[in-house]
């Protein structure tokens, strides 16, 4: 089944950057025979190969689908701009890395939504595959377009383009959808969608109509077909030890951002930071047992030859058996030159002790996320971290020989004043001061502190989903202030582009009217918007203007009574809980993390008979 | 200490993989095969694997070499069997020879590469025209071509001394097949693409695109001018 454009690839690949991105053939990639029965599923990642191949969810679902007899899952990524122009010039359609077939011929294309600013790439990828972008323009021969991932919790800006939205974790629901498809593939697409609609966790945007008031707020969400669910409950895997995890993963040649074995130690987060969407939508916390993780590690090391294992989760130092697991992994693999790494650290001395154990020889750097500059604001966002903890932790780190510290902050958080911005500078100076006070002979000669600020973007299904987002002017003013405040040459300051954050904010809380804006921006050439050099703010503003919409309307504060575009989705945490948390933020009331007492977020009512692990232990 | 000299080939599947990425793939293959590769000392130990020559992106081969130092002693056939089992698609493990004592660095041993090249022609080029171009190259004592040095400055490079052999193997169905032997190695080196670019510049009928297929047959050892013994 060789595509007729394959020979042409040899004419263009020598002309593009990193041609290895476009050829597949990696160790552990799956080649399968295709029969009449085979359901062909293209797993589409709307960014470049190196980004997509780092993503754990992609690895899990790729191998899960390929272990089913009658499903063949292949990968497709967004070609970088140089490759895209070669493909367009030579009439080469978007193809998968496995069979090099164009995805036009597939039964399904499933895009993963990790980041709002990759949406234009989805449109561009459909166009490169010569597939009509609007669902209404597609016919029976075109693939069914699916989306899933964190941004699917509010996928309304994509409502006009996609056929199926999957809410929550994909392992179970994806197989259920493909099973229904297999049993009904002779039916018309719309009838297949009606069958799939009954599966829990599935949202079919075309079965709904949204009516807007004059002021742009939603008047009503209407169902267009009979028996269409009025609420979509998210899916999640209950038992992580029984849930599928691949025993081998693809080994990319072109180096991905994360090039190592990734062990997923748990899902969900016990913390409840009020700005964090992942912390809300991935509830409840579900840990894997150390035994299962050890088994996963062994299989993956054997099948890949990687020499690094990373322990991944939303907050790995909260894993209840971390010490145990790390000790085991180090004992077992140290002699084999396999190292262990943690992606980010909570601020406490336990973490430093652990990091010391892990980074015995090379002390590459430590990253902390205080998120806000003052205690008052950290209490507002429920970041359970105090200044003493941070300073004690960095002192320990300096004593142990670390010299490179990264600190992450957000600007524009609810209730923030210039005092809080000043607090970022003051806190950073105190960290530097701790370095000078370090007497240890181990003290690193090269001291470097990097502070990064990103603009706070309110996200759906967080206690801050009703908050306003700082205007670009206001963000820029704060960034400017901080720039002038940082005087020491030992401190470097990085900040994120306020214009990009504003667009991200519009799409994060966007509605269906943004489908048109997205299409218009794509038509103007917008793509890879998250890549600094590709981002074209002026074109985006034109696109909004053409559609008579304004980013400001999406970034302003919302009332608790209004209908939100994502209200149809039920993520497990209740709206009452989110409102309660919002109000506690204003009074700077800390909500303890789940292990110290249940905050009644709603997840136990959401799923029958579910008991949070941490509650049951006490 | 054991050094294994491994002769391997790189197929089409690997031709767009850069040398750096390929090296990483080799390290991981050795790990998967459970080989106890010796590591260098120091803060950042790296596996003792040395390649005869980095291969430019776009080429295939059936005669490349690398040396691996092992902590333990293993028979050549065991090494070969395990590597064949764990090699990535497109990597052909051809042969393995084991040395029980230190050997001279493999990259210092090689001096020439034997290449097969295929270039597309349009229907208008005659065999005589091709012969004239090839003979013209061989008749010259110097062929100085501009190229960028490491600093990005344009300098002249005389490619003629590095062309050891060059002749037409076959012209068939508008494909010109050339055999060539060129200097390769750390001292003197000529990338076959540079010679091909020169040949295509001589006659519009010899096409620069689609790109020439370049295949390395083997490497020649400087001492005795014979292919590497393995």
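Let's see how each residue does on (1) buried (at least 17 other Cβ atoms within 10 Å of the Cβ); (2) within 14 Å of chain B (Cβ to nearest Cβ); (3) closer than 27 Å to residue A:251 by Cα:
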residue	(1), (2), (3)
A:273	yes, no, no
A:290	yes, no, yes
A:295	no, no, yes
A:310	yes, no, yes
A:319	yes, no, no
A:324	no, no, no
A:331	no, no, yes
A:338	yes, yes, yes
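If you check residue B:25 against the conditions, is it out of contact with any strand residue (DSSP E or B) (no Cβ under 9 Å at 6 or more places or on another chain) and either away from chain A (no Cβ under 11 Å) or modelled with pLDDT of 95 or more (or both)? Step through it out loud before you land on a result.
Numbers: out of contact with any strand residue (DSSP E or B) (no Cβ under 9 Å at 6 or more places or on another chain): no; either away from chain A (no Cβ under 11 Å) or modelled with pLDDT of 95 or more (or both): yes.
The answer is no for residue B:25.
Do we find a residue being crowded, with 22+ Cβ neighbours inside 10 Å, closer than 20 Å to residue A:205 by Cβ and not assigned by TED's automatic domain parsing to the domain that holds residue A:156 anywhere in the range A:542-560? Yes; the residues of the range A:542-560 include at least one that is crowded, with 22+ Cβ neighbours inside 10 Å, closer than 20 Å to residue A:205 by Cβ and not assigned by TED's automatic domain parsing to the domain that holds residue A:156. The numbered conditions (1) more than 14 Å from chain A (Cβ to nearest Cβ); (2) buried (at least 20 other Cβ atoms within 10 Å of the Cβ); (3) within 21 Å of residue B:99 (Cβ to Cβ); (4) out of contact with any helix residue (DSSP H, G or I) (no Cβ under 9 Å at 6 or more places or on another chain) are all true for residue B:76 except (2). Answer yes or no as to whether residue B:38 is closer than 18 Å to residue A:29 by Cα and within 14 Å of chain A (Cβ to nearest Cβ). In short, no. When residue B:165 is tested against (1) in contact with a strand residue (DSSP E or B) (Cβ under 6 Å, 6 or more places away or on another chain); (2) surrounded by fewer than 18 Cβ atoms within 10 Å (Cβ to Cβ); (3) touching a residue at least 60 places away in the same chain (Cβ under 8 Å), exactly one condition is not met: (3).
When you look at residue B:118, is it surrounded by 14 or more Cβ atoms within 10 Å (Cβ to Cβ), within 14 Å of chain A (Cβ to nearest Cβ) and part of a helix (DSSP H, G or I), yes or no? No: the conditions fail for residue B:118. Failed condition for residue A:50, given (1) surrounded by fewer than 17 Cβ atoms within 10 Å (Cβ to Cβ); (2) within 14 Å of chain B (Cβ to nearest Cβ), with all others met? Only one criterion is unmet by residue A:50, namely (1).
Would you pick out the residues in the range A:162-189 that are touching a strand residue (DSSP E or B) at 6+ places or on another chain (Cβ under 7 Å) and in a loop (DSSP other than H, G, I, E, B)? Result: A:162, A:163, A:167, A:169.
Can you confirm whether residue B:159 is within 14 Å of another protein chain (Cβ to nearest Cβ), under 29 Å from residue B:65 (Cβ atoms), touching a helix residue (DSSP H, G or I) at 6+ places or on another chain (Cβ under 8 Å) and surrounded by 12 or more Cβ atoms within 10 Å (Cβ to Cβ)?
Working: within 14 Å of another protein chain (Cβ to nearest Cβ): no; under 29 Å from residue B:65 (Cβ atoms): yes; touching a helix residue (DSSP H, G or I) at 6+ places or on another chain (Cβ under 8 Å): yes; surrounded by 12 or more Cβ atoms within 10 Å (Cβ to Cβ): yes.
When the stated conditions are applied, residue B:159 does not pass them.
Looking at the range A:566-591, which of the residues that are without any contact (Cβ under 8 Å) to a residue 40 or more places away in the chain and assigned to a loop (DSSP other than H, G, I, E, B) is nearest to residue A:612 (Cα to Cα)? Restricting to residues being without any contact (Cβ under 8 Å) to a residue 40 or more places away in the chain and assigned to a loop (DSSP other than H, G, I, E, B), the top hit is A:574. Restricting attention to the range B:168-199, the residues that are in contact (Cβ under 8 Å) with a residue 24 or more places away in the chain, more than 14 Å from every other protein chain (Cβ to nearest Cβ) and more than 21 Å from the chain's Cα centre (by Cα) total 2. A single member of A:106, A:45 is closer than 20 Å to residue A:146 by Cα, touching a helix residue (DSSP H, G or I) at 6+ places or on another chain (Cβ under 6 Å) and more than 12 Å from chain B (Cβ to nearest Cβ), and it is A:45.
Identify, please: which residue in the range B:205-224 is touching a residue at least 24 places away in the same chain (Cβ under 8 Å) and not in a strand (DSSP E or B) and is, among those, surrounded by the fewest Cβ atoms within 10 Å (Cβ to Cβ)? Outline the logic, then answer.
Our first condition is that a residue be touching a residue at least 24 places away in the same chain (Cβ under 8 Å); within the range B:205-224, this holds for B:205-207, B:210-223.
Filter once more, keeping what is not in a strand (DSSP E or B): B:205, B:207, B:210-212, B:222-223.
Numbers: B:205: 17, B:207: 17, B:210: 15, B:211: 19, B:212: 25, B:222: 13, B:223: 9.
Ranking the qualifying residues of the range B:205-224, first place goes to B:223.
For residue B:61, the test of being farther than 20 Å from residue A:21 by Cα, more than 10 Å from chain A (Cβ to nearest Cβ), buried (at least 18 other Cβ atoms within 10 Å of the Cβ) and out of contact with any helix residue (DSSP H, G or I) (no Cβ under 8 Å at 6 or more places or on another chain) is passed.
Comparison of A:242, A:248 shows that the only residue that is assigned to a loop (DSSP other than H, G, I, E, B), within 14 Å of chain B (Cβ to nearest Cβ) and modelled with pLDDT of 95 or more is A:248. Residues considered: A:139, A:121, A:90. Of these, the only one that is touching a helix residue (DSSP H, G or I) at 6+ places or on another chain (Cβ under 7 Å) and either assigned by TED's automatic domain parsing to the domain that holds residue A:23 or crowded, with 22+ Cβ neighbours inside 10 Å (or both) is A:90. Looking across the range A:213-228, just one residue is over 20 Å from residue A:196 (Cβ atoms), exposed (fewer than 12 other Cβ atoms within 10 Å of the Cβ) and in contact with a helix residue (DSSP H, G or I) (Cβ under 9 Å, 6 or more places away or on another chain), and that is A:215. A single member of A:213, A:174, A:158, A:126 is in the same structural domain as residue A:115 (by TED's automatic domain parsing) and under 30 Å from residue A:239 (Cβ atoms), and it is A:174. Could you check the range A:365-404 and list, in sequence order, the residues that are assigned to a loop (DSSP other than H, G, I, E, B) and either in contact with a strand residue (DSSP E or B) (Cβ under 8 Å, 6 or more places away or on another chain) or not assigned by TED's automatic domain parsing to the domain that holds residue A:271 (or both)? Within the range A:365-404, A:365, A:372, A:373, A:381, A:383, A:385, A:402, A:403 qualify. Residue under question is residue B:49, and the condition is that it be touching a strand residue (DSSP E or B) at 6+ places or on another chain (Cβ under 9 Å), away from chain A (no Cβ under 11 Å) and either under 25 Å from residue B:229 (Cβ atoms) or in contact (Cβ under 8 Å) with a residue 24 or more places away in the chain (or both); does it hold? Criteria met by residue B:49. Could you say whether any residue in the range B:82-103 is loosely packed, with under 13 Cβ neighbours inside 10 Å and closer than 26 Å to residue A:338 by Cβ? Yes, there is a match, as at least one residue in the range B:82-103 is loosely packed, with under 13 Cβ neighbours inside 10 Å and closer than 26 Å to residue A:338 by Cβ. Taking the criterion of being under 28 Å from the mean Cα position of the chain (by Cα) and not in a helix (DSSP H, G or I), the residues of the range A:409-437 that qualify are A:409, A:410, A:411, A:412, A:413, A:414, A:415, A:416.
Here are some residues: A:301, A:262, A:281. Which one is surrounded by 20 or more Cβ atoms within 10 Å (Cβ to Cβ), away from every other protein chain (no Cβ under 14 Å) and under 26 Å from residue B:37 (Cα atoms)? Step through it out loud before you land on a result.
Details: A:301 fails: away from every other protein chain (no Cβ under 14 Å); A:281 fails: under 26 Å from residue B:37 (Cα atoms).
Residue meeting the stated conditions: A:262.
Residues that are facing chain A (nearest Cβ under 9 Å) and crowded, with 18+ Cβ neighbours inside 10 Å were ranked within the range B:1-20; the one that is farthest from residue A:9 (Cα to Cα) is B:18.
The values are calculated or read from the model by the stated rules, or taken from the named source; none is laboratory data. This one's a predicted model, so the numbers in the text were calculated from it and none came from an experiment. We place every Cβ from the backbone using ideal geometry, glycine too, and count neighbours over all the protein chains shown.
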